[in-house]
Each structure stands twice: as structure tokens, then as C-alpha cells.
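Here the structure is laid out as C-alpha cells; the discussion comes afterwards.
The values are calculated or read from the model by the stated rules, or taken from the named source; none is laboratory data. Being a predicted model, the structure only gives us computed values, none of them experimental. Counting neighbours? That spans all protein chains shown, and the Cβs are built from the backbone with ideal geometry, glycine included. Heads up: the accessible areas ignore ligands, DNA and RNA and are worked out on the full protein's heavy atoms, side chains in. Shrake-Rupley method; radii C 1.70, N 1.55, O 1.52, S 1.80 Å.
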Amino acid sequence: MSTVQVSSGPAQTSSMVLSSSIGKKLFMAATGLFMSLFVLGHLVGNLQIFLGQDQLNTYAQALKDLPALTWSVRTVMFICLVLHVWRGIQLYFENRASRPVRYHVNATVQASLASRTMIFTGIGIFLYVVYHLLHYTFIVTNPQYAGLHDALGRHDVYSMVVLGFQNGWISAVYVLAMLCLCYHLTHAIPSFFQTLGLNNDKTRLRFDIIGWLIATVIFIGYTMIPVAVLLKLVILPEGGM
Amino acid sequence: MNFTLRVWRQKNAREKGCLETYQARDISEDMSFLEMLDVVNENLVKDGIEPIHFDHDCREGICGACSLVINGIPHGGKKGCTTCELRMRNFADGDTITVEPFRAGAFPVIKDLMVDRSALDRIMQAGGFVSANTGGAPDANALPIKKDTVESAMDAAACIGCGACVAACKNASAMLFVSAKVSHLAQLPQGQVERVERVRKMVARMDFEGFGNCTNYYECEAVCPKEISVKNIARMNREFLKAITK
Ligand code: FES
């Protein structure tokens, strides 16, 4: 081999570290982690629906009374979401461009289906989040929810959720979105540990199992709510709203 | 045994290539994949057709020169085997076999199935040297290293630099190759002086060469003829994290 003149590569500044391939992985892992923690926290909030109208509305009111907290969490989540999605799409195209001429015969030996569909499950989750915010948070799609109040005059989140999920379509879309989310997580969670360099041959299976466990818990937790509403286990409070 | 081959033919780096069909007749099941191609080439020469160009050297699985993506899998999919070690008995008589070059933007085709893998050499060069004391050769066992560490470093050092990891990766990422090189030296006392700089420079060069980003498909590990584990990628991520926070 003839000698090749090699520069040691570009000098490293912190912005270059982020634009390095490993930096990008770390970035996706960090934003993903924040959003996953939010998903877990949100689940704990939602499950209070099973404790009845008063409990859920008290919780919702408590969050409303802490605008500093809710808005800072919302801001961080918004930034994480936008950056994660934007970077993810960018990476998808960058990675495709790394192989300008494609194979005629494509084979996969061990890459999981979840790992190969991250971009699609990711886009699915993103679209759902947009709809979900318009539906329940900003009450744009179903403006009639805005007028719901309970006996104490609080915004009746409980009835809003029940009414929403009594619609089979809304529930179906919700379950589909949860499938996307949890399938995404089965690859995301083990990847998180690999990217942070915490993985080795012994921990590998363990992290895979942890990923599936967390994803399953999240799936069951969230899906229980529309299922319970559709099975009429969770119903509107006595005497209407 | 008889086979129908669909082989990528491409005059040079600039011209567009295409798949051509050839027949491989009377092939012994004990032949290696490359020997089968030798037979096909002999017949092509007899017919006045330019033989199929492909890389090869040692033909015993140690040099990393042979390549080829066989039916979509680099080195043909027999675990722990290079193309030169792959025997025709792994195929069924009458099979149609598609042979393509290793594909990656960083591996431009030179001709037919030969690709330019010097990007990997440039990553190695970017890694630089290992500082060593001058003077007489050190005494054996003067530098005790734990058995597990030696084994793990040796497993990483088994990389023959063939580039199958890049060819298999759906992102054409070179992480398994680079991580094997980084892991090999990072675990040994000889590699400590330049440890931090090495990982920074090799990763920077890897990105500069236009390899894709790793998204943990682990296809690389599945096709690696030396069965190098993706735990090395985790180690490189760790080394890189340490390097940038230093
Ligand atoms: S020719 Fe040397 S490894 Fe195959």
C-alpha cells in the first residue's frame, strides 16, 4: 500500500463532538431518556383515573396550580421532542446516503424488526403526540370538553378522558400509537445502554429483557385506560357531568 | 455441482455497472467460493470474455483481502467464515447465487467486485503510533496483564480489517472495525499513553471518510468472520465519552 497523507482529522471543539457520529448517538439517547421518563411520569398520572373522578381531577388541578413546573416540563419536552425527531430524520437520510449504490439482494441476519423500523414507529409517535395535544391538552379537536366541570367547579379531566375513549376510533388510534411507542422502546432502551458504553456480552440479554419489560409495562398501563372505558369499567360519574 | 451466478460487472469507478449472469458447471463441493470463481474465470477467458475481478490474497481467512456480498450477506453468511473459507457445499446444487461488491460510499468500486477499502487504512493511520521504550527487548512477563484482559484485547485484535461490518451495516457504519482497533489497544498497558487521543482521532477520521452512523442493528457482528462482539462498540462509546469529558 502506498503511503497516504493523513491529517489527524478536524480539530475537536465541543460542537464538533456533538456532530461526531458518537455524539449524535449520545444526543438521541439523552433526549430519548428525558421523554421516556416523562412517559412513565405521565402514566402514573393517568392511572389515577382508576381511583375515580375526584382523585384524577384533584391531581389535574394540582398540576394546574403549579404553572412553573408544568410549563418547564412542557418546554423541556417540546425541545427534546423537536430535536429528537429532527435529528432522527436527519440521521435516517445521512445513513441512507452512506450507501449511494444499494444492494440488489438485501438480507438481514440478526437486526431486529424494531431496530429497522425506528424511523416509522418514531414518526407514528410524533404524529400521535401532535393529535393528542390538540385533543386533550389544548382541546382543539373536541372543543366541547372545555365546558366540562365537576361538582367543585374544577375542569373535569375525568369525564373528558372517558368521553374521549368512548369513541372507538379515538381508542383504536391510541392503542396503535402505544404499539408504536413500545416497539420503539424495545430497541431504544437497550440502545441507550450500548450508546452510553454500559453494555457488554454479559449484560446484553439483560438490557434486551429490561427494554421489553419496560415497554410492556408502559403498553399495558396506557392501554388499560381506553379498554376499561370501552368495557364500561370506567364510566361517567353518576347523574351525568 | 452446477450454479447460476449473477455477478456485478463494472468496468471502472466511473462507469455504471450491472448484474451479468454466468453458469458455473462441474464445481466440486469442496471448492471454496473463490476457487469456484477461478473456474468460472478460466471459462470466461477461454470464451474471450474479461474475467471477473475480485480481491483475494491468503485464501486461508487471515488477511482480510477477500470480500464479496453473497446473496445479500458479506462473506456469504457462514458463521465465522471469510469468503475464501466458504465451501460450495454450503449451497444447494442448481442454486442461483448473486454476488455483489461490498457497498458503501466510503468503499468506491474499483472494478467488478473489487472495492477501495483504503478508508480503513486511513482510520488506522489517524490512530497514530504506540509509544514504546527504546533499548533492549523487555523480559518476558515483566509487564503482568490479567488473563481476562489479554483474552479480551486479543479478541478485538483478531479483526482482519476486511470491512464486512461496513458492508453488512444498513447504515454503512464502520463502528465495529474502529471499535475493535480502539478496544485492542485501550485494554493493554502499551496503549495507555495515546489512549484518549487515539479514540478522538479515529472517530473523527471515521466520520470524515463518510461512513454512516451506528444505530445498533448489530448486523456487523453477525457477519464478522472473526466474530468480533459489539461489546467493543460499547467500549469505544465509553472511551469516546471519557475522551470528550477530559
Ligand atoms: S483471502 Fe485472505 S482472508 Fe480471504
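Values computed for the structure shown
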| quantity | calculated |
| --- | --- |
| Order by protection proxy (mean Cβ within 10 Å, highest first), peptides A:201-208, B:235-242 | B:235-242, A:201-208 |
| Cβ neighbours within 10 Å from other chains - mean over B:72-85 | 1 |
| Karplus (6.51, -1.76, 1.60) ³J(HN,Hα), θ = phi - 60°, over region B:233-246, in Hz, Gly and Pro reported as x | 5, 4, 5, 5, 4, 5, 4, 5, 4, 5, 5, 7, 9, 6 |
| Pair-distance profile P(r), taking every C-alpha pair of region B:3-111, with 5 angstrom steps and integer % | 2, 12, 22, 27, 21, 12, 4, 0 |
| Accessible area of A:Arg99 in the full protein assembly, 1.4 Å probe (Å², nearest 10) | 10 |
| Buried on assembly, region B:3-47 (at least 30 Å² less accessible surface than by itself, 1.4 Å probe) | none |
| Amide H contacts of B:Cys63 (H built 1.01 Å from N, under 5 Å, at least 5 apart or other chain) | B:Cys58 |
| Long-range amide H partners of B:Ile110 with built H, under 5 Å | B:Val115, B:Asp116 |
| Accessible area, probe 1.4 Å, largest first, for residues A:Phe27, B:Phe107, A:Phe34, A:Phe126 | A:Phe34, A:Phe126, A:Phe27, B:Phe107 |
| For the protein assembly as shown: accessible area per residue (Å², 1.4 Å) | 49 |
| GNM result for chain A, Cα springs below 10 Å: residue of A:Phe38, A:Phe192, A:Phe219 fluctuating most strongly | A:Phe38 |
| Interface B:A - total buried accessible surface [probe 1.4 Å, Å², rounded to 100] | 4300 |
| Average beta-carbon neighbours from other chains, 10 Å sphere, peptide B:160-170 | 2 |
| Prolate/oblate/rounded call for the protein assembly as shown, Cα gyration tensor, a/c under 1.5 rounded | prolate |
| Local electrostatic count at B:Ile228 - Lys and Arg +1, Asp and Glu -1, tallied over other residues with Cβ under 10 Å | -1 |
| Share of carbon and sulfur in the accessible heavy-atom surface of the protein assembly as shown [1.4 Å probe, %] | 62 |
| Hydrodynamic radius (Kirkwood) for chain A, which is based on Cα pairs only, to one decimal in Å | 20.7 |
| Helix-only [θ]222 nm of chain B, DSSP H runs n ≥ 4, -39500 (n - 2.57) each, per residue, nearest 500 | -10500 deg cm²/dmol |
